[in-house]
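The block underneath contains the structure these notes are about, expressed in structure tokens.
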């Protein structure tokens, strides 16, 4: 792995040598910026020359950043981000997200209960750990789903979008109508039950107590 040895000041100023070796953290940031720049430029099918024209950052400087030989300043990174039409945060993201992710309904991951009465559709990218998870729930008439509980500190926040739902947390039951919502700790046994003869639709946010990296 190549260790960055110089920081870039602006697109108009020459890079200057660091007085000491960069830290492991600096090296990690430099490599992360480099890999994300390569990915984002390839995604937009831009050559280094084209990105240089769009961003106002020289081709030579872009090549240094993309190879991991230099770590750009915030000013330079902002220029590159404008040229690529992404957030500056996209260069620091370890999960390779450009800031906007479209999830076509046909590609959504669905979990269906053994009886087929309960369908959960993920409304978030499932290929990477998430601190918050967003689901669409559909429960058939008079259908129900049981959960033994999740990890310590996990919370659920649910809103009923259509029909009605009975939520049981341990032995306590709560009847929700369309528009009603509930928040509870889901690290204990709980149940979703549709008490009426029409389909129920709800949206659920599951929050984990800390990042699940």
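Could you tell me how many of the residues in region 68-89 are under 12 Å from residue 34 (Cβ atoms), in a loop (DSSP other than H, G, I, E, B) and touching a helix residue (DSSP H, G or I) at 6+ places or on another chain (Cβ under 7 Å)?
The total comes to 2.
Within region 51-67, count every residue that is part of a helix (DSSP H, G or I), touching a residue at least 12 places away in the same chain (Cβ under 8 Å) and over 17 Å from residue 86 (Cα atoms).
So the answer is 4.
Somewhere in region 185-196, is a residue under 30 Å from the mean Cα position of the chain (by Cα), touching a residue at least 60 places away in the same chain (Cβ under 8 Å) and closer than 22 Å to residue 121 by Cβ?
yes
Identify all residues within region 122-155 that are modelled with pLDDT of 95 or more and part of a loop (DSSP other than H, G, I, E, B); write none if there are none.
Scanning region 122-155 gives 140, 141, 142, 143.
The values are calculated or read from the model by the stated rules, or taken from the named source; none is laboratory data. A quick note: this is a predicted structure, and the numbers were derived from the prediction, not measured. Every residue, glycine among them, receives a Cβ derived from its backbone with ideal geometry; neighbour counts consider all protein chains shown.
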